[in-house]
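**Q** Below: one structure in structure tokens.
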Amino acid sequence: MVLWVFGYGSLVWNPGFIFDEKIVGFIKDYKRVFDLACIDHRGTPERPARTCTLETTKGAICWGVAYCVKGCPEKERAALEYLERRECEYDCKTFVDFYKEEGDTLEPTLTEVLVFTSTPDKVKNKYFLGPAPMKEMASQIATASGPCGNNRDYLFMLEKALFDIGHEEDMVIELAREVRKVVGKMTKGIPIPLATGTHLPINPQFTHIHHHLPIPESPKILILDS
């Protein structure tokens, strides 16, 4: 059995687990959005960060990096356990296809891609922040920070990682530009209004593995972000 892991957020530049191969590619009918709260890595319950999740959008593509983990069940299990802890805010798993080249997209390079995403409903998923105006998201990202660092560096490193793999994204570039404007004002001592209505409760299980959904036995790509 071979496990493939697709990263579209911080996993693009920081997988954090041992892998045997990586491939740049994309998935169809999903787009990257900053609609998910993070309260244990780059934010807090009082001031949640905004991190990536995927939104179903017909005709869209999302570029990232697929990592292959193979060799023995123990090695794959270790990677999955690590990713489960890291990606604890994601509550949905489904399957999609993965494509390596942009030209010929009729046949996927790999199938049965296991995708970690978020239920786009603030009632069903308390970590789903939903969309917001660009300036509001920029203010939130510029001021949030947590145990693993600040939210703006997450965005800036994603911007650089997409450049490094040759697939920059207009939305990410625009959001990063707005965040830099906010940071510039902060360095000049100009008060920055904080986003409202984003306080989230502390989950006492954040130090443990959150999801124990069954993992299929067939070759797959696990798509995650944090």
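**Q** Mind telling me which of the residues GLY71, GLY59 ends up being surrounded by fewer than 21 Cβ atoms within 10 Å (Cβ to Cβ) and more than 19 Å from TYR99 (Cα to Cα)?
**A** Just one listed residue meets the conditions, GLY71.
**Q** If the Cβ limit is 7 Å and pairs must be 6+ apart or interchain, which residue in segment 45-62 that is in contact (Cβ under 8 Å) with a residue 24 or more places away in the chain pairs with which residue that is polar (S, T, N, Q) and outside any strand (DSSP E or B)?
**A** Final answer for the pair search is ARG47/THR143; PRO48/THR198; ALA49/ASN151; ARG50/GLN140; ARG50/ASN151; THR51/SER226; THR53/SER118.
**Q** Okay, moving on. So which residues in segment 25-54 are over 25 Å from VAL96 (Cβ atoms) and either in a strand (DSSP E or B) or of a type in the set (Phe, Trp, Tyr) (or both)?
**A** Scanning segment 25-54 gives a single hit, ALA49.
**Q** Of all residues in segment 110-134, how many are under 18 Å from ILE27 (Cα atoms), surrounded by fewer than 16 Cβ atoms within 10 Å (Cβ to Cβ) and of a type in the set (Val, Ile, Thr)?
**A** Summing the residues that are under 18 Å from ILE27 (Cα atoms), surrounded by fewer than 16 Cβ atoms within 10 Å (Cβ to Cβ) and of a type in the set (Val, Ile, Thr) in segment 110-134 gives 1.
**Q** Return yes when MET157 is modelled with pLDDT of 95 or more and within 22 Å of ILE18 (Cα to Cα) and no when it is not.
**A** Criteria met by MET157.
**Q** If you don't mind, another one. Please work out if VAL5 is of a type in the set (A, V, I, L, M, F, W, C), modelled with pLDDT of 95 or more and either assigned to a strand (DSSP E or B) or surrounded by fewer than 24 Cβ atoms within 10 Å (Cβ to Cβ) (or both).
**A** Spelling it out, it is not the case that VAL5 is of a type in the set (A, V, I, L, M, F, W, C), modelled with pLDDT of 95 or more and either assigned to a strand (DSSP E or B) or surrounded by fewer than 24 Cβ atoms within 10 Å (Cβ to Cβ) (or both).
**Q** Please enumerate the residues belonging to segment 89-147 that are in a loop (DSSP other than H, G, I, E, B), under 16 Å from the mean Cα position of the chain (by Cα) and within 27 Å of ARG177 (Cβ to Cβ).
**A** GLU89, SER118, PRO120, TYR127, LEU129, GLY130, PRO131, listed by residue number.
**Q** Of all residues in segment 31-43, which are of a type outside the set (A, V, I, L, M, F, W, C) and at pLDDT below 95?
**A** ASP40, HIS41, ARG42, GLY43
The values are calculated or read from the model by the stated rules, or taken from the named source; none is laboratory data. Owing to the predicted nature of the structure, the values given are computational and were not obtained by experimental measurement. Note that we place each Cβ from the backbone using ideal geometry, even for glycine, and neighbour counts take in every protein chain shown.
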